[in-house]
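The values are calculated or read from the model by the stated rules, or taken from the named source; none is laboratory data. Quantities reported herein were computed from a predicted structural model and do not represent experimental measurements. Here the Cβ is made from the backbone with ideal geometry for all residues, glycine too, and neighbour counts use every protein chain on show. Please note that ligands, DNA and RNA were not included when accessible areas were found on the heavy atoms of the full protein model with its side chains. Shrake-Rupley method; radii C 1.70, N 1.55, O 1.52, S 1.80 Å.
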Amino acid sequence: MEAPPVSVLPITGGTISMMEYLLQGSVLDQALESLLHRLRGLCDNMEPETFADHELVYLLKGQQGNPFLLRARRSLSHPTVPWHLRYLGQPEVGDKSRHALVRNCVDVAASHSLPDFLNEMGFRMDHEFVAKGHIFRKGVLKVVVSKLSRILVPENTENTEPLSLSYLVELSVLVPAGQDTMSEDMRSFAEQLKPLVHLEKIDPKRHM
Amino acid sequence: MQQREEKLLDASVESLISRVGHLKNVLHSFIYKLENEYERLTWPSVLDNFALLSGQLNTINKLLRNEKTPSFRQQIIIPLLLSPDRDEELAKLTEQRVPVFSHEIVPDHLRTKPDPEVEEQEKQLSAEAARIGPEVAQKQIQTLNKLCSNLLEKLNNPRDDRDADSAAIRQNKPSFNPADTNALVAAVGFGKGLSKCRPPGPVAPGHTGQGPIMSGGPTLQQVTIGGGSGQQQGMGPGAPQQQGQPGKMPCNIKTNIKAASSMHPYNR
């Protein structure tokens, strides 16, 4: 089930439905340094930002087929910062010529009682992982280079093992629904990262 | 004849002045950018500036090499009048950089020989060159020429199967693995490789102090949480810990909720 389209701002001034444009790729560990150098040159000049996040993915299985998925993310490096809850819709199938994956995206902040709340609501945690890496920005474009790790001992975010020998590289933009100008900019930025990384739109359903 | 030469000289000096003026403007804006906007400056735009500068230097060189340009080396500039007074005309011409045409600025501006340091270095280099003798010098020249032509050839003719060595080296350096890309995208997209529901074996010590836990089936079954979820007895302190367990966790919560709802809070 999909989230209902948010066309009118809720009275409490909650969230506006945004579209996320996404391009993904990966880079091997040994090539990480050169990628970081290149990104530091290409992106806005700011202090290099690293992050360490713990993401939990919650599922709500309704009577129909598709379960409803919510992602809850908390920072391991800043434990007091609020949780971040995100809903990502199905990728829009439309324009085959569009270069990026487009999907509906709703983001909210949440307090630290979020896991309890989701459990009470009936969600069940499906999987979790730890993502550590670097984040860069160029205008509205956001580049995240992260190492995903599997959590071995439940609840223990220290005890993790990397999922693969590569870092995941994601280029994303959040735009309000309706604007469609970003995919060209994303494509030209992705060109500048070749041949280190090939950023492309990867349909997750293909790998199910 | 002389008039023609003079006219040529004038024309070439004019064009040289305008080219140098362009170059000065580009340098000026580049320095300004470097000093004031360095936070927003990106490497491609720095490269663009350098490319622009090099293009302009190229045009100046071409202009000087042009056949119509008379040889400037044969011209001599002699200062006719030096005065320590401020000269307004000169100041206006040079944008306030040379207000006085005096004895101090003449050695710098009308210099024809290189700077003293540069002269020293050149002397050292020519002494060195004279020292090594003509045959050695010739051999060095040939080696350099060979290296340059090799490099040029390699750059101009990319051939993938030239050498087993070079091909192997190129193959050893791919910077990304498409299989990894797919695995990572699948993991982030829907938890492939992450949500392993291991059969609930011995429970991790210290996690649950809630008494016996019925090990339910290892499959993720649908959990209908009716009224029982509100009264999760004994789950209070345990709940935040429970969510950390992937795989084991769904099974445990299911069984716990079952345990809770089987207690029928209203039937006390």
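Take every residue in peptide A:38-50, count the Cβ atoms of other chains within 10 Å of its Cβ, and give the average of those counts.
Mean shielding count: 2.
How large is the translational diffusion coefficient of region B:13-110 in µm² per second when you combine the Kirkwood radius over alpha carbon pairs with Stokes-Einstein at 25 °C and 0.890 mPa s?
150 µm²/s
So for the pair A:LYS205, B:ASN157, with labels modelled 7 Å out along Cα→Cβ, what separation do we get in nm?
Each label point is offset 7 Å from its Cα along the Cβ direction, giving 5.1 nm.
Can you work out the PRE-style zone for A:VAL81? Point 7 Å along Cα to Cβ, and I want the residues of region A:124-166 with backbone N under 16 Å.
The answer is A:130-137, A:142-147.
Per the Cauchy relation, a quarter of the hull surface: what is the mean projected area of the convex hull of the alpha carbons in region A:58-187, in nm²? Each step should come with its number before you reach the end.
Numbers: hull surface 40.5 nm².
Orientation-averaged projected area of the Cα hull: 10.1 nm².
A:HIS37 to A:ALA109: extension gain in nm, 0.36 nm per residue of separation minus the Cα-Cα distance?
Working: separation 72, 0.36 × 72 = 25.92 nm, distance 3.20 nm.
Gain on stretching A:HIS37 to A:ALA109: 22.7 nm.
What part of the accessible area of chain A, given as a whole %, is carbon or sulfur when the probe is 1.4 angstrom? Each step should come with its number before you reach the end.
Details: 5870 of 10560 Å².
In chain A, the share of accessible area belonging to carbon and sulfur is 56 percent.
Along the charge dipole of region A:39-162, Cβ charges K/R +1 and D/E -1, which of A:PHE117, A:ALA100, A:SER75 sits furthest on the positive end?
Value computed over the given set: A:ALA100.
Restricting everything to alpha-carbon atoms, can you work out Rg to Rh for region B:10-49 with a Kirkwood hydrodynamic radius?
Rounded to two decimals, Rg over Rh is 1.20.
With charges only on Cβ, +1 for K and R and -1 for D and E, what is the dipole size of chain A about its Cα centre, in debye, rounded to 20?
320 debye
In Å², nearest 100, what accessible area do chains B and A bury in total when the solvent probe is 1.4 Å?
Its buried surface, counting both partners, is about 3800 Å².
Just how many % of Cα pairs in region A:105-160 lie over 17 Å apart, if you round to the nearest whole percent? Don't skip to the end; give the middle numbers.
Values: 964 of 1540 pairs.
Of all Cα-Cα pairs in region A:105-160, 63 percent lie more than 17 Å apart.
Set the bar at 18 Å for Cα to Cα. Now go through A:LYS147/A:LYS205; A:LYS147/B:LYS192; A:LYS205/B:LYS192; B:LYS62/B:LYS146; A:LYS142/A:LYS201 and name every pair that lies beyond it.
A:LYS147/A:LYS205; B:LYS62/B:LYS146
Among B:ALA91, B:ASN150, B:ASN61, which residue has its Cα positioned farthest towards the positive end of the charge dipole of region B:45-168, with +1 placed on the Cβ of Lys and Arg, -1 on the Cβ of Asp and Glu, and the dipole taken about the Cα centre?
My answer, from the dipole projection, is B:ASN150.
Given Cβ point charges of +1 (Lys, Arg) and -1 (Asp, Glu) and nothing else, what value in debye, to the nearest 20, does the dipole of region A:80-175 about its Cα centre take? Mind showing how you got there, number by number?
On the way: 11 positive and 11 negative charges, 119 e Å.
Rounded to the nearest 20 debye, it is 580 debye.
So how strong a dipole does region B:1-71 carry about its Cα centre when Lys and Arg Cβ are +1 and Asp and Glu Cβ are -1, to the nearest 20 debye?
It works out to roughly 200 debye.
Would you compute, from DSSP H runs of 4+ residues alone, the mean residue ellipticity of chain A at 222 nm, taking -39500 (n - 2.57) per run and dividing by the full residue count, rounded to the nearest 500?
Value at 222 nm, helices only: -4500 deg cm²/dmol.
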